[in-house]
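Beneath this line is the structure, given in structure tokens, with notes to follow.
The values are calculated or read from the model by the stated rules, or taken from the named source; none is laboratory data. All of these numbers come straight from a predicted model, not from anything done at the bench. Backbone-built Cβ (ideal geometry, glycine too); neighbour counts: all protein chains shown. These accessible areas exclude ligands, DNA and RNA; they are computed on the full protein's heavy atoms, side chains included. Shrake-Rupley method; radii C 1.70, N 1.55, O 1.52, S 1.80 Å.
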Amino acid sequence: MIYKKVKRLLDIVLSLIGLTILSPILLIVAIAIKLESKGPIIFQQERLGLNGKVFKIYKFRSMCVGAEKSGVYETKGDARVTKVGKFIRKTSIDEFPQFVNIIKGDMSIIGPRPTLTYHPWRIEEYTELQKKRFDLRPGVTGWAQVNGRKEVQWDKRIEYDVEYVENLSFGLDLKIFFKTILKVLAMQGNVNVGETAKKTTGKGQETEIAATIEERRNN
């Protein structure tokens with residue numbers, strides 16, 4: 001597909017431009033993180049990427065060191081989040097280091113959001129249909145993010161991811177890009193409202209996902 005090559009080129013060019021323009025902000029944020037709390041400026045975490053390959057995602061550290069031991073979900077008023085962290089999470093500035101992930105080839109600007117290696121499920125627990133979300137590079141933002149983000153259950157997010165993969169186009173990416181800007185400006189959907197992952201997956205769920213995607217395609 002020609003657009004995949006164009007998409008990769010756009011990712012690199014836009015990421016380089018983004019890093020250049022935002023460099024003053026990145027420097028200020030880095031200094032603020034270092035002054036407020038002990039620990040690294042950049043938080044690294046293993047995620048599942050293209051074809052299920054594991055890579056390390058980069059984010060500005062927004063929590064105290066070792067926060068993951070208390071669980072994967074951040075909730076409103078979470079004491080693990082630093083003062084600087086609250087601001088950069090609310091404004092999504094914590095995601096800016098992922099421009100480096102994009103240039104390296106780990107990620108894309110737009111695509112299915114990269115999942116943890118163990119959450120919502122391990123790679124072998126995804127159904128064959130759900131694994132389609134790994135057919136493209138994961139994104140900083142995506143179709144699921146502009147349709148509810150952290151307010152949506154993971155099985156529903158994956159429905160959106162599969163739908164995106166099956167309908168990849170410049171038009172869809174453009175739509176997601178502008179909807180993301182609106183959501184960031186409105187600071188919507190950036191805090192979990194509770195657990196968003198079911199304990200198990202299964203063939204019944206796969207059938208349900210396929211039916212939902214087909215229904216959307218026909219509407």
Ranked by how many other beta carbons lie within 10 Å on average, peptides 166-176, 56-66 from highest
56-66, 166-176
How far apart, in nm, are the 7 Å Cα→Cβ label points at residue 118 and residue 156?
2.7 nm
Arranged from highest to lowest average of other beta-carbon atoms within 10 Å per residue, in what order do the peptides 97-110, 123-136 appear?
97-110, 123-136
Multiplying the sequence separation of residue 177 and residue 28 by 0.36 nm and subtracting their Cα-Cα distance, what value in nm do you get?
51.1 nm
Surface per residue (accessible, 1.4 Å probe) for the stretch 80-158, Å²
38 Å²
Gain in span if fully extended, residue 41 to residue 5, counting 0.36 nm per residue against the direct Cα distance
9.7 nm
Packing-ranked peptide list from 152-158, 14-20, highest mean Cβ count within 10 angstrom first, is 152-158, 14-20
For the stretch 1-54, what % of the accessible area comes from carbon and sulfur atoms, probe 1.4 Å?
74 percent
For the stretch 13-65, what is the accessible area per residue in Å² when the probe is 1.4 Å?
60 Å²
